[in-house]
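Notes follow once the structure below has been shown.
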Amino acid sequence: MILVTPQRIQKMVSAEEIEALVLGHPAVADAAVVACPDTELGERLCVCVVPRPGQGIDLASLVEFLRTEKQVAAFKLPERLLVLDSLPRNPVGKIVKNQLRETARAVTGATP
């Protein structure tokens, strides 16, 4: 995925890498990363998470975890967080990222 923002001009961000790091957060049960359209910057990194039962999570605490615990580079940090009850999956169990992108667009009001 190519994210085009002032901080990420032509920088490649691996969704799988960020997903694996986010899954290391103690409050996260499941996670997926998608690009969310942004009218000003082109795209922003959106992390969709399912919290563990009884746990809560917000963007600030997730970013702090990624910065301090996982030492993630600034250009790889998520800018949006979508907290869901479950991630959409196909019959084989694979996450359906097209549906997540649509959900992220609807929630943020972003247009492609």
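The values are calculated or read from the model by the stated rules, or taken from the named source; none is laboratory data. Given the structure is predicted, the values throughout are model-derived calculations rather than measurements. All Cβ positions, even for glycine, are placed from backbone atoms using ideal geometry, and neighbour counts span all protein chains on display.
General remarks:
- Count of residues meeting criterion [surrounded by 13 or more Cβ atoms within 10 Å (Cβ to Cβ), modelled with pLDDT of 95 or more and either more than 22 Å from Arg52 (Cα to Cα) or among the β-branched types (Val, Ile, Thr) (or both)] in the range 91-102: 2
- Residue match in the range 41-59 (condition: in contact (Cβ under 8 Å) with a residue 24 or more places away in the chain, in a helix (DSSP H, G or I) and farther than 14 Å from Glu19 by Cα): no
- For the residues Leu41, Leu45, Leu87, the requirement of being modelled with pLDDT of 95 or more and at negative phi singles out Leu87.
- Close pairs from the range 74-85: first in contact (Cβ under 8 Å) with a residue 40 or more places away in the chain and farther than 13 Å from Ala60 by Cβ, partner of a type in the set (Lys, Arg) and in a loop (DSSP other than H, G, I, E, B), Cβ under 8 Å, at least 6 apart: Phe75/Arg8
- Sole residue being under 18 Å from Val13 (Cβ atoms), buried (at least 16 other Cβ atoms within 10 Å of the Cβ) and not hydroxyl-bearing (Ser, Thr, Tyr), chosen from Pro37, Pro51, Pro88: Pro37
- Residue among Ala27, Ala60 that is farther than 20 Å from Lys94 by Cα and touching a Gly at 6+ places or on another chain (Cβ under 9 Å): Ala27
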